[in-house]
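**Student:** What follows is a single structure, and I will ask about it in a moment.
The values are calculated or read from the model by the stated rules, or taken from the named source; none is laboratory data. These numbers come from a predicted model, not from an experiment. Cβ atoms come from the backbone with ideal geometry, glycine included; neighbour counts cover every protein chain shown. Calculation scope for accessible area: heavy atoms of the full protein, side chains included, ligands and nucleic acids excluded. Shrake-Rupley method; radii C 1.70, N 1.55, O 1.52, S 1.80 Å.
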Amino acid sequence: AQSVTQLDSQVPVFEEAPVELRCNYSSSVSVYLFWYVQYPNQGLQLLLKYLSGSTLVKGINGFEAEFNKSQTSFHLRKPSVHISDTAEYFCAVTLEYGNKLVFGAGTILRVKS
Amino acid sequence: DAGVIQSPRHEVTEMGQEVTLRCKPISGHNSLFWYRQTMMRGLELLIYFNNNVPIDDSGMPEDRFSAKMPNASFSTLKIQPSEPRDSAVYFCASSFTDAGAGELFFGEGSRLTVL
C-alpha cells in the first residue's frame, strides 16, 4: 500500500523568504502525487498535482513542486512567501489509476512578519 | 456552481446519542469520500463511493459507523451510539474519476463534539 511522510510538522519562516515543505512517499507501483492546502476552519483545496510528464509542476499562489522518482520525493516550494500563505499543507498520493487518496500528516507553515 | 455542501457545520452531542452528518456532492461528480480529521491521527479515509456504490469501507472504525449514498446527490455518515473519541472534523469530498487521479473537492467539514 502507498504511504506518505511529511518530514516537518511545523515550518516557521519570515515573510518574503523562500520555503520548502518536504514530502516522501512509498509505493511499489507508479503513483500520482498531490499537494493540498487547508486554511483555518476550511476544507482542503488543491494546490497542484503530478500525474506524468514534466517533473516540475506549477500550482496556484506561486507554489511549485518537483517529482523525484529516484528519491521518492515531491517537495513543495515557494520562492517568496506571504503572510496569507499561513496554513496547513498536505501531501497526498494515490496509485496510478487509483481512486484512494492517502494523505500525509500535514505541515503547518507559519509565516511571520 | 456550488461546492460540496456539508451539514451541520457544528454538532455538540452527548455520549450515546445518534449523530447524522450529511453531504451533497458537486453535481456531475461520480465519487464521494468521507474523511475524518483529528490532531492525533490526521486525515483518515473512512469510506468512499463510486457511482453510489461503496467501494472501500476499510477505514470505518467500527460497527457504530455507517454510511449511505442513496443517490448521486446525497450521502450520510451516521454514528450510533456516539462516543467522546468520535470527536473530530468530518469532511466529505467529491470528484469526477474516469481513469483515476481526479481532483478531490472538499466541503468545509462538520465539527463533531461528543461530551
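**Student:** Tell me, which residue of the stretch A:17-59 that is closer than 20 Å to A:GLU88 by Cα, among the hydrophobic types (A, V, I, L, M, F, W, C) and more than 12 Å from every other protein chain (Cβ to nearest Cβ) is surrounded by the fewest Cβ atoms within 10 Å (Cβ to Cβ)?
**Tutor:** The extreme case among them is A:ALA17.
**Student:** Quick check on the stretch A:68-79. Is at least one of its residues within 14 Å of another protein chain (Cβ to nearest Cβ), open to solvent by 10 Å² or more (accessible area, probe 1.4 Å), assigned to a loop (DSSP other than H, G, I, E, B) and at pLDDT below 95?
**Tutor:** No, every residue in the stretch A:68-79 fails to be within 14 Å of another protein chain (Cβ to nearest Cβ), open to solvent by 10 Å² or more (accessible area, probe 1.4 Å), assigned to a loop (DSSP other than H, G, I, E, B) and at pLDDT below 95.
**Student:** Could you please find all residues in the stretch A:4-32 being assigned to a strand (DSSP E or B) and over 22 Å from A:SER113 (Cβ atoms)?
**Tutor:** Scanning the stretch A:4-32 gives A:VAL4, A:THR5, A:GLN6, A:CYS23, A:ASN24, A:TYR25, A:SER26, A:VAL31, A:TYR32.
**Student:** Need the failing condition index for A:ASN41 against (1) farther than 23 Å from B:GLY107 by Cα; (2) of a type outside the set (Gly, Ala, Ser); (3) over 16 Å from the mean Cα position of the chain (by Cα), just the number.
**Tutor:** (1)
**Student:** If a residue has to be out of contact with any helix residue (DSSP H, G or I) (no Cβ under 9 Å at 6 or more places or on another chain), more than 13 Å from every other protein chain (Cβ to nearest Cβ) and either closer than 22 Å to B:ASP63 by Cα or in a loop (DSSP other than H, G, I, E, B) (or both) to count, how many in the stretch B:8-24 make the cut?
**Tutor:** 11
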